[in-house]
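The values are calculated or read from the model by the stated rules, or taken from the named source; none is laboratory data. What you see is a predicted model; the values in this text were computed from it and never measured. Note that each Cβ is placed from the backbone with ideal geometry, even for glycine, and that neighbours are counted across all protein chains shown. When the accessible area is computed, the model is the full protein with side chains, heavy atoms only, and any ligands, DNA or RNA have been set aside. Shrake-Rupley method; radii C 1.70, N 1.55, O 1.52, S 1.80 Å.
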Amino acid sequence: MKAAFKEWAIVVDALGRGRQSLILRKGGIREGKGGFSVDYDSFLLFPTGFHQQGASVIGDEQATAARVMGTLSADTIQFTHWATLDSWLEVVSLEQAEKLQSLHIWSPDVIRSRFDWGRNQGIFALILRVYQLPEPVQIAMLQSYGGCKSWIEVAQDISVDGSKAVLSDAAFSKERQAIESALNG
């Protein structure tokens, strides 16, 4: 697998712990004229410290954020998880986005600022099935991986054989139902 989705390291950690199965994304500054798009059905989770701040997550995750940030390197990227896209939609109401608060670790201020950023109000909600790689895979950080963009292609193919789902089928189904209920209710 070469496709990778860049996300805050603390969020990748939360996905890997089964704390959340949701990514809320506005899109990076360098996404291009079309803005954010969902480019892949399965992808590596690329942990980044870019723009990450402990104050941007809810209180009980702030200590975790400090620990996770301490593991990042400027020279290498360590992949521990990958995901398949279960479903996605554009959330066009801030009220709807706020109903997801218990299902992720971002602070309400982060969700509001992401929702309002740019020309169009809205945010994308991606429901992910997350898998842990059998062993962490470390690769060199290349200049082409940098910048504020969601999707990258890593230089080497990373095998996902032997990966295990973070959540059981039943737990993931329950999580998906909670997300869908919040968005549709």
Next on the checklist: Looking at the range 104-117, can you tell me whether even one residue there is of a type outside the set (S, T, N, Q), touching a strand residue (DSSP E or B) at 6+ places or on another chain (Cβ under 9 Å), open to solvent by less than 60 Å² (accessible area, probe 1.4 Å) and under 16 Å from THR84 (Cβ atoms)?
Outcome noted: no
Item to check | ALA65 vs. criteria among the small types (Gly, Ala, Ser) and over 29 Å from GLU135 (Cα atoms) | outcome: no
Next on the checklist: So, in the range 73-103, exactly how many residues are in a loop (DSSP other than H, G, I, E, B), surrounded by 15 or more Cβ atoms within 10 Å (Cβ to Cβ) and of a type in the set (A, V, I, L, M)?
Outcome noted: 1
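Filter the range 23-37 for residues that are surrounded by fewer than 23 Cβ atoms within 10 Å (Cβ to Cβ) and within 9 Å of the chain's Cα centre (by Cα); which is modelled with the lowest pLDDT?
It comes out as ARG25.
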Item to check | Residues that are free of Cβ contacts under 8 Å to residues at least 40 places away in the same chain and either in contact with a His (Cβ under 7 Å, 6 or more places away or on another chain) or charged (D, E, K, R) (or both), drawn from the range 78-123 | outcome: GLU90, GLU95, GLU98, ARG112, ASP116, ARG119
Item to check | In the range 104-117, residue nearest to PHE172 (Cα to Cα) [restricted to those that are within 17 Å of the chain's Cα centre (by Cα) and outside any helix (DSSP H, G or I)] | outcome: HIS104
Next on the checklist: I'm trying to understand the selection: among the residues of the range 57-72, which are touching a residue at least 40 places away in the same chain (Cβ under 8 Å) and either open to solvent by 60 Å² or more (accessible area, probe 1.4 Å) or in contact with a Pro (Cβ under 6 Å, 6 or more places away or on another chain) (or both)?
Outcome noted: MET69, THR71, LEU72
Checklist outcome for this item: Flagged in the range 118-129 as part of a loop (DSSP other than H, G, I, E, B) and surrounded by 13 or more Cβ atoms within 10 Å (Cβ to Cβ), in numbering order, are GLY118, GLN121, GLY122
Checklist outcome for this item: Cβ pairs under 8 Å, 6+ apart or interchain, first in the range 130-152 and open to solvent by 70 Å² or more (accessible area, probe 1.4 Å), second of a type in the set (Phe, Trp, Tyr) and part of a strand (DSSP E or B), ordered by first then second residue, are PRO136/PHE79; GLN138/PHE79
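On the basis of being surrounded by fewer than 17 Cβ atoms within 10 Å (Cβ to Cβ), out of contact with any Pro (no Cβ under 7 Å at 6 or more places or on another chain) and either at pLDDT below 95 or not aliphatic (A, V, I, L, M) (or both), does GLY162 make the cut? Talk me through it step by step, then tell me what you get.
Working: surrounded by fewer than 17 Cβ atoms within 10 Å (Cβ to Cβ): yes; out of contact with any Pro (no Cβ under 7 Å at 6 or more places or on another chain): no; either at pLDDT below 95 or not aliphatic (A, V, I, L, M) (or both): yes.
When the stated conditions are applied, GLY162 does not pass them.
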Checklist entry - Which pairs have Cβ atoms under 7 Å, sit 6 or more apart or on different chains, and link a residue in the range 168-185 that is within 19 Å of ILE123 (Cα to Cα) to one that is open to solvent by less than 70 Å² (accessible area, probe 1.4 Å) and assigned to a helix (DSSP H, G or I)? => result ALA178/LEU103; ILE179/LEU103; ALA182/LEU103; LEU183/GLN96
